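A short worksheet on the structure shown next.
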């Protein structure tokens, strides 16, 4: 009988099957489009080949010698795991301390949405001996010196003015500028559209939010002001080896 529960069930089943076919076609077409996309070029800055002691590459957490240079056997095991993608090879990476690597297999995982991460690329970081890397280091040191400076005092503090002046004179510094100069409005800001507009901290991040019935304060407990770490070589080396800083 038309309109009976059996007829309605058959119609629902037919609709569900049609929907499933359409979903399959959409996903297949998307997968084919990603499969047929040109292979991404994964460029590097040449530091790994340039320096036999690997001083230009990331090695934190692996064993290092007394100079802070990574031991080559553990480093090569680290590279082997990255290239093979095998969980057992990651388990066999020799560490220099008790600190584990953070999600080292993330780069070999397959995503089910969008392009495969292996076919996406980004420009290589500046070479360790380049002017751009040196200028970045200057900015990082200024960030450390001004880390306890309230953003509201940027416009009047002489140290902030000194930082702006020095960064403005760096030829390879790529941070944002206004009329060619680093200012208190652009200091330590990003390079994407809108980064120099408004205050340093989004007002959305200062407001309390609710997770259902649970109110959440979006504030962080930070280290004590003027508390410095890794200001001597042994402390730095301990952290580099994954053993934590020395007190």
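The values are calculated or read from the model by the stated rules, or taken from the named source; none is laboratory data. All figures in this text were calculated on a predicted structure; none of them were measured in a lab. So basically every Cβ, Gly included, is an ideal-geometry build from the backbone, and we count neighbours across all protein chains shown.
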Worksheet item: Among the residues of the range 4-20, is there at least one that is assigned to a loop (DSSP other than H, G, I, E, B), out of contact with any helix residue (DSSP H, G or I) (no Cβ under 6 Å at 6 or more places or on another chain) and more than 30 Å from residue 243 (Cα to Cα)?
Response: yes
Practice prompt. Name the single residue, out of those in the range 35-55 being in contact with a helix residue (DSSP H, G or I) (Cβ under 7 Å, 6 or more places away or on another chain) and under 20 Å from residue 121 (Cα atoms), that is surrounded by the fewest Cβ atoms within 10 Å (Cβ to Cβ).
Written response: 39
Response to the item:
Expected output for the range 75-104 (first residue on the phi > 0 side of the Ramachandran plot, partner modelled with pLDDT under 95, Cβ below 8 Å, 6+ apart or cross-chain) is 85/105; 85/108
Worksheet item: Restricting attention to the range 217-246, and to residues there that are in contact with a strand residue (DSSP E or B) (Cβ under 9 Å, 6 or more places away or on another chain) and surrounded by 10 or more Cβ atoms within 10 Å (Cβ to Cβ), which single residue is farthest from residue 75 (Cα to Cα)?
Response: 218
Discussion item. Can you find, within the range 56-71, the residue that is nearest to the chain's Cα centre (by Cα) among those that are surrounded by 14 or more Cβ atoms within 10 Å (Cβ to Cβ) and without any contact (Cβ under 8 Å) to a residue 40 or more places away in the chain?
Written reply: 57
Practice prompt. Answer yes or no: is there a residue in the range 174-185 that is closer than 29 Å to residue 69 by Cβ, modelled with pLDDT of 85 or more and part of a loop (DSSP other than H, G, I, E, B).
Written response: yes
